[in-house]
């Protein structure tokens with residue numbers, strides 16, 4: 001058994017050994033040992049795919065997003081010498097409070113001079129790179145302007161006015177990342193405004209690319225159940241808006257504004273084998289010069305009485321008809337297409353036929369809400385299955401909302417005029433559910449029996465036959 005003095009000496013040796021190991025991690029730029037499992041999972045997904053250039057992380061309060069952001073920034077600086085990293089928040093004070101206090105706790109075990117604060121209160125040297133702070137609000141967003149940037153992190157963008165945030169991303173940060181092929185990371189809790197640019201444009205785009213991450217308070221392993229319950233009480237209880245939005249990371253929309261509230265990925269999105277025999281319908285909404293063009297291949301599963309959405313193509317506004325028809329024809333290969341439906345100007349349908357030998361008919365257009373309600377009912381009855389490859393349609397079904405007067409779809413930068421939902425409505429309305437795709441079985445004449453006796457045609461004749469036999 002060690003004496004008290006020997007225990008002290010032993011602990012000192014352990015501390016020295018620990019510090020030596022930590023210093024090696026710092027010099028390699030590997031600070032993942034400071035992250036909890038939820039944070040490590042995001043970091044691995046970001047670093048294992050170097051192709052990503054943008055990501056959205058929706059996190060609850062008390063999840064550790066500010067700590068994660070700072071660790072991410074420090075590691076990037078250490079691993080990419082002579083880089084510029086920017087961290088922007090709604091105000092400069094918020095940015096400074098987030099970064100200064102967090103960096104202090106992160107760098108307590110750092111080797112000397114590896115992280116140095118510059119004369120300016122809003123800049124640090126980290127290794128041979130630079131970290132700078134900035135503002136997202138439009139009135140002061142010009143503080144973000146300057147030289148090229150290699151990594152831009154936007155903190156709590158959900159609490160900046162939607163138009164201001166869009167301007168900061170598109171007009172200020174975007175150009176700085178262009179030449180460096182830099183990366184943009186949005187880290188925030190959901191906005192109080194359900195139609196915020198982050199929700200309507202950034203989130204569907206990131207869901208489509210696979211770089212959307214959502215983590216509620218229960219995914220923080222460093223919080224005890226008692227701490228989570230305390231946070232719930234402070235937020236106003238389990239049914240409060242604050243708890244659902246800020247801790248469960250829910251985007252709370254007025255139910256009356258959501259186009260297809262019945263849709264959810266668990267019940268309606270999964271892999272399924274195509275029927276042995278089927279007829280397919282191609283349904284297209286052509287956006288022209290303003291909106292997107294979306295084409296879907298729908299299959300009616302005759303045996304199970306359900307509609308399968310098996311493939312999709314989407315095109316930006318002003319895409320040439322040559323490219324649209326070529327890609328849609330490629331999508332149709334392998335399917336027996338019995339009808340093509342395209343919501344397009346009549347002259348364009350004529351061009352499709354004459355120029356591209358592609359014959360499509362205009363859809364039947366009934367009441368706007370009746371078409372949506374028909375789709376909603378089918379989702380409620382689980383009569384529509386969307387294959388996972390149809391990512392743009394899935395994003396549209398999750399994000400589609402009405403305009404303020406509920407007379408039309410709302411437009412967003414990424415989803416357009418909800419053109420994928422329009423194509424689905426046309427396809428659901430026009431798909432043929434009456435034609436049996438299964439062929440008649442061949443007759444086996446070797447086992448066919450014939451009779452010379454006439455077959456009675458009426459019940460009276462059958463009764464007379466039975467009586468005569470008696």
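Just so it is clear, none of the values below were taken in a lab; they were calculated from the coordinates. All values derive from a computational prediction rather than experimental measurement. Here the Cβ is made from the backbone with ideal geometry for all residues, glycine too, and neighbour counts use every protein chain on show.
General observations
- Evaluated over the Cα positions of segment 31-252, the convex hull gives a direction-averaged projected area, one quarter of its surface, of 12.0 nm².
- For the chain, the antiparallel share of DSSP beta bridges with both residues in that region comes to about 40%.
- Global form of segment 64-133, assessed from the alpha-carbon gyration tensor, a/c cut-off 1.5: rounded
- Crossing angle, helix 65-79 versus the chain [Cα axis fit, 0-90 degrees, rounded to tens]: 70 degrees
- Segment 252-310: C-alpha gyration tensor shape, a/c 1.5 cut-off, then a/b vs b/c: oblate
- Averaging Cα coordinates gives a centre for segment 167-188 and one for segment 213-235; these two points are 31 Å apart.
- Relative contact order, whole percent, for the chain stands at 14, derived from Cα pairs under 8 Å and 6 or more residues apart.
- Cα gyration tensor category, rounded, prolate or oblate, for segment 224-272 with a/c compared to 1.5: oblate
- Peptides 334-345, 83-94, ordered by how many other C-beta atoms sit within 10 Å of their residues on average, highest first, read 83-94, 334-345.
- Each pair of Cα atoms in segment 265-430 enters the Kirkwood radius, and Stokes-Einstein at 10 °C and 1.306 mPa s then converts it into a translational diffusion coefficient of 99 µm²/s.
- Cα-based Rg / Dmax (Å) for segment 127-262: 17.3, 53
- Across segment 265-430, the mean sequence separation of Cα contacts (distance under 8 Å, 6 or more residues apart), normalised by length, yields a relative contact order of 30 percent.
- Kirkwood-Stokes translational diffusion coefficient of the chain, alpha-carbon pairs, 37 °C, 0.692 mPa s, µm²/s: 123 µm²/s
- Between 0 and 90 degrees, the angle of helix 419-430 with respect to the longest Cα principal axis of the chain falls at about 20 degrees.
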